[in-house]
């Protein structure tokens, strides 16, 4: 999706410009807001970024102007904090996290011991950073998307507080975040493929939420979703205009890879869960 034409103001993504509107950045946006860091005591905790090194949650900041920081995203954060956010709100917030982490990749060294290339110089992704930037403008009303939310949003709720957990998978442009009593899995750019078209995924989701479930059940569901997108390659018929993006028709399956149990097991291990291949049990 390179070479996107837009009537939105074009600007270079630098440390001096607001990541949303491009105006001079006179403040910084915390990717993980202060209320969230306070609630789960994240300030001095580490998060592993794409170059497999650790940074503090409090260090994950991106340049912003006061309006976009305090008003535009401040109002959205309040909905999420009070658990009054709908799927559209969650998708917009998840896109900020996805975009912000990828923006940090343009500033961070791919190899801190051998500086020169940035993380973004190493990864080749279908989701162009420019495309994600336009999604941010959905929150300001300057850009629209269809469907809305443009990505798949899965919500899970718990009666008791759960530990904070965050996973960001670049290849699938997906976010997993547990906020205590509510947990979200968001595929930011899939055109609701996972929520409405992926065979078996929505059935699994409905099966899970229809009964008592635990964090491990949700992590296993996420592992299956991530692996599904590794095994199946789709293209989305989307149209960009100056003021929006629209998905026209259904996704097209381009390629299916053979079942790779080692890969699925590796995904499960990354998420801290154990997969038992029942086909090998006697």
- Would you work out if segment 27-280 is rounded, prolate or oblate? Take a ≥ b ≥ c from the square roots of the eigenvalues of the alpha-carbon gyration tensor; rounded if a/c is under 1.5, else prolate when a/b is larger than b/c, oblate otherwise. rounded
- Listed highest first by mean packing, meaning other Cβ atoms within 10 Å per residue, what order do 219-232, 251-264 come in? 219-232, 251-264
- What FRET efficiency do you get for residue 146 and residue 43 if R0 is 45 Å and r is their Cβ-Cβ distance, rounded to the nearest 0.05? 0.70
- Which part of segment 175-192 falls in the paramagnetic zone of residue 240, meaning amide N under 20 Å from the point 7 Å along Cα-to-beta-carbon? 188-192
- Query: At residue 230 and residue 216, where each label point lies 7 Å from the Cα along Cα→Cβ, what is the point-to-point distance in nanometres?
  - Reply: 2.1 nm
- Query: Which value in nm describes the separation of the simple spin-label points at residue 254 and residue 84, placed 7 Å from the Cα toward the beta carbon?
  - Reply: 4.3 nm
- Message: Multiplying the sequence separation of residue 159 and residue 16 by 0.36 nm and subtracting their Cα-Cα distance, what value in nm do you get?
- Response: 47.2 nm
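Taken together, the values in this text are just the output of simple stated rules run on the coordinates, not laboratory data. None of these values were measured; they are calculated from a predicted model. Every residue, glycine as well, gets a Cβ built from its backbone with ideal geometry; the counts of neighbours run over all protein chains shown.
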